[in-house]
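Below you'll find the structure, written out as structure tokens, and then a few comments.
What follows draws every value from the coordinates through simple rules; no lab data is involved. For clarity, every value in this text was computed on a predicted model and none was experimentally measured. Cβ coordinates were reconstructed from backbone atoms using ideal geometry, including for glycine residues, and neighbour counts include every protein chain displayed.
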There are 2 protein chains.
Amino acid sequence: MNVSIYGVGSSLFGKQPAASPEQLAWTAVLEALDDAAADDIDAAFVGTVFGAPGVAQRVLQGVGLAGIPVLTIANACASGTSAFHEAVTAVASGRFRRPLVLGIESISVSFAGAIHPEPTDSEGRTGLALPGLYAMAASRYLGLGLVTREQLALVSVKNHANALANDRAQYSGDYTVEQVLESRMIADPLTLLQCCPVSDGAAAAVLGPERRRERDVKVRASVHRAGGLWDHRSEHVWGYELVRDTARDAYEAASVGPEDIDVFEVHDAFTIGEIVTTEALGMAEVGGGGKLVESGHTALYGPQPVNPSGGLLSRGHPLGATGVAQIKEIVDQLRGEAGDRQLASADLGLVETMGGGVAGIDGNACVVTVLER
Amino acid sequence: MNVSIYGVGSSLFGKQPAASPEQLAWTAVLEALDDAAADDIDAAFVGTVFGAPGVAQRVLQGVGLAGIPVLTIANACASGTSAFHEAVTAVASGRFRRPLVLGIESISVSFAGAIHPEPTDSEGRTGLALPGLYAMAASRYLGLGLVTREQLALVSVKNHANALANDRAQYSGDYTVEQVLESRMIADPLTLLQCCPVSDGAAAAVLGPERRRERDVKVRASVHRAGGLWDHRSEHVWGYELVRDTARDAYEAASVGPEDIDVFEVHDAFTIGEIVTTEALGMAEVGGGGKLVESGHTALYGPQPVNPSGGLLSRGHPLGATGVAQIKEIVDQLRGEAGDRQLASADLGLVETMGGGVAGIDGNACVVTVLER
């Protein structure tokens, strides 16, 4: 589709209440600009959920990029990849030649007390917030015998271990299945170590048409779809169909199948999320996701690593920044620049981000992108 | 550019704390869908500044439009026309064939106490909020003899009188210049009746490629530009250059000049705003905007009416909804369906929206659109 990623950057991820969102973003943007070897940025697509009005403009002002068109896009947890998708679309159509993509979120301060459910937020009012909803999916999977508690815990073990080699990750650790299962219960059956943390962070990328440069990474396909109500008639848990359909479109657009992908970054907001997503992505049959992680197939040095960065569970989940950080991880892996977690060989990578209430009460969004070295 | 507006709709504008944002939006969306005679909406572009996460998805869910791609776009006071511009671009490039544009804002409740300046918001911290910044521009104009207090007040007199014929406007009235000048001082020289109110409201439009239908209104040009720092070396007050440059691009794209436009909706957040904007739009020389309103040139039945709806000053200013409401007013006028405020003849109309801190500390955005019957 004649779109490449020229450069990527990110801040540290973690609880950083003393850092302003602008400071986090400047770190990410300056790294991406330097990496891109391109200084003629002509637009900015900024993904954020709780970013204050004008935050994107302040960031750009601070790095000498005032005056370019700026679009700030909110799409729940998929805000970052939604902004990325808009930038890809803009380059593909010739609308812009060098857009900056920025994902930014600074929520540790506000989540410490200031944010309350909106009166119209049905998830907030019912208490069916994300941990509870993911827990319902996990319970159903457990009840149907489609996964075991130990397999769920293994996702956390794997991703925390992967993050040991990621010095920008919020958390990491060499945990056992027992330690994961014995950590504090958040929403049965999901324990603390099976839930993504509250995070502050920023990530950035610079895009443009394909050019002769070894380090650029090609966008082979990018698909954005939205889902609706949680269909209680469905045989599947929430989100499964949306991820499956979005991935199917992306594979088709890229002329590949799941077996061709060397490395995945997927939306493991909770351990059950990675299990269901690997199934929806076609890496396993329904009910096969647990065995997939158990077998080591998705381990860092397995045949098809999933979340080598540590994923949302360990790298952290600053909402709007997450998708762009996923992009950065795949770019780093395809370039062979992922440091101590570098895979031996990776030519094709896939990013999947899921946004919106998992019950679909508010509708969901999903972005799947296939990248190629 | 082969893009038409098929239908428009809006809620009432005003302080409506008992109405949810979704309720306001449903009214606007259902009216626009009905008006458009098209039921195959394939995407939604939603402009809002303070809309809660998921509000766009809840609106679409409620009208049976779940599952289409949704982009929620924040761009300060230009959020609505930024969303409109993205939809226009999407239709022009063939990306979508029937996008819904929605502007939505519900702020009367939160502005009553809950919103405080963000720690990184330089405007909030310095107290240089919008009334103060517009007042500085007005003071400079007064000091340089480019406008009189009476001419400023005349903008308010005109727009409040125009709104008498707009039953969806928040405020209207048959005021005198003296009454405007004697209303409570907000930021010297701007009195209460010279400042736009806090408003809740929603407005919607349905777009698509041109087709054979009398009531459709053509988009002849749409331009989105961004500005940077308030350049203290400039001879002009804030925003002048940005509006001038955006309008110049729009006139060029539409192959028209300001003299060809029959009716204008412009960003009169404060009276000085309309004065400076009419100058930046080329309707008068710098310093001629006051005389323009004084002469009756921009009156409802003058040669080139400005803000026949009542403008932001009287119709109200629910941030994200404003730009789409401006579009609706011009569509209504071009169709001859503006009721008691219908102009005798209008073939070409122009919408201008300005967003962002007026001092440009945070960067500004401007959208100018030329519409044709």
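Can you tell me the FRET efficiency between A:Lys291 and B:Asn2 if r is taken as the Cβ-Cβ distance and R0 is 56 Å, rounded to the nearest 0.05?
Working: r = 53 Å, r/R0 = 0.94.
Efficiency for this residue pair is about 0.60.
To the nearest 20 debye, what is the magnitude of the charge dipole of the protein assembly as shown about its Cα centre, counting +1 on the Cβ of each Lys and Arg and -1 on the Cβ of each Asp and Glu? Each step should come with its number before you reach the end.
Working: 54 positive and 90 negative charges, 18 e Å.
Charge dipole, the protein assembly as shown, about its Cα centre: 80 debye, nearest 20.
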- Holding the Cα-Cα limit at 32 Å, pick out from B:Lys15/B:Lys158; A:Lys158/A:Lys218; A:Lys291/A:Lys328; A:Lys328/B:Lys218; A:Lys15/A:Lys328 the pairs that are longer than that. A:Lys328/B:Lys218
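Across the residues of A:60-71, average count of Cβ atoms on other protein chains within 10 Å?
Numbers: counts 4, 6, 0, 0, 1, 3, 8, 9, 4, 8, 8, 11.
Neighbouring Cβ atoms belonging to other protein chains average 5 per residue here.
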- Using a Förster distance of 60 Å, how high is the FRET efficiency between A:Glu210 and B:Thr148, based on the Cβ-Cβ distance and rounded to 0.05? 0.55
- Message: Please give the Cα centre distance for the range A:130-160 versus the range B:281-332, rounded to the nearest Å.
- Response: 58
- Item | Fraction of antiparallel bridges per DSSP, the protein assembly as shown only, in percent to nearest 5 | 75
- Message: Past the 34 angstrom mark, what percentage of all C-alpha to C-alpha distances in the protein assembly as shown do you count?
- Response: 46
- Measuring from the longest principal axis of the C-alpha atoms of chain B, the long axis of helix B:21-36 (C-alpha) lies at a number of degrees, nearest 10, equal to 70
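Could you check how many percent of all C-alpha pairs in chain B are farther apart than 32 Å? Before the final figure, lay out each step's value.
Working: 16718 of 69378 pairs.
Percentage above 32 Å: 24.
Out of the range A:172-245, which GluC sites (Glu not before Pro) are coil in DSSP terms and have no more than 10 other C-beta atoms within 10 Å?
Numbers: sites: A:Glu178, A:Glu182, A:Glu210, A:Glu214, A:Glu235, A:Glu241; in loops: A:Glu210, A:Glu214, A:Glu235.
Here the sparse-neighbourhood loop sites are A:Glu214, A:Glu235.
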- Would you mind calculating the gained length between A:Arg125 and A:Lys218 on full extension (0.36 nm times residue separation, minus the Cα-Cα distance), in nm to one decimal? 29.1 nm
- In what order do B:Asp35, B:Asp200, A:Asp347 fall by count of nearby beta-carbon atoms within 10 Å, going from fewest to most? A:Asp347, B:Asp35, B:Asp200
- Item | Proxy reagent accessibility, fewest Cβ within 10 Å first, across B:Ser4, B:Ser79, A:Ser314 | B:Ser4, A:Ser314, B:Ser79
- Let me know the mean shielding of B:12-22 by other chains, meaning the per-residue number of their Cβ atoms within 10 Å of its Cβ. 1
- Message: Among A:Gly289, A:Asn307, A:Phe270, whose Cα projects farthest towards the positive end of the dipole of the range A:259-325, with charges put on the beta-carbon of Lys, Arg (+1) and Asp, Glu (-1)?
- Response: A:Phe270
- Query: Once both axes come from the Cα atoms, what is the angle between helix A:149-162 and the longest principal axis of chain A, in degrees from 0 to 90, rounded to 10?
  - Reply: 30
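Rank the residues A:Ser255, A:Ser108, A:Ser139 as a footprinting-exposure proxy: fewest other Cβ atoms within 10 Å of their Cβ go first. Before the final figure, lay out each step's value.
Values: A:Ser255 10, A:Ser108 19, A:Ser139 16.
Result, fewest neighbours first: A:Ser255, A:Ser139, A:Ser108.
Can you give the helix-only mean residue ellipticity at 222 nm for chain A, where every DSSP H stretch with n ≥ 4 adds -39500 (n - 2.57) and the sum goes over all residues, rounded to the nearest 500 deg cm²/dmol? Display every interim value, and only then the final one.
Working: 13 runs with 134 residues, N = 373.
Helix-only estimate at 222 nm: -10500 deg cm²/dmol.
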- Order by protection proxy (mean Cβ within 10 Å, highest first), peptides B:84-94, B:316-326, B:44-54, A:278-288: B:316-326, B:44-54, B:84-94, A:278-288
- Note down the Stokes-Einstein diffusion coefficient of the range A:118-192 in µm²/s, whole number, using a Kirkwood radius over alpha carbon pairs, 25 °C, and 0.890 mPa s. 178
- Note on the structure: B:Ala344 and A:Met185 label points (each 7 Å along its Cα→Cβ direction) are spaced in nm at 7.9
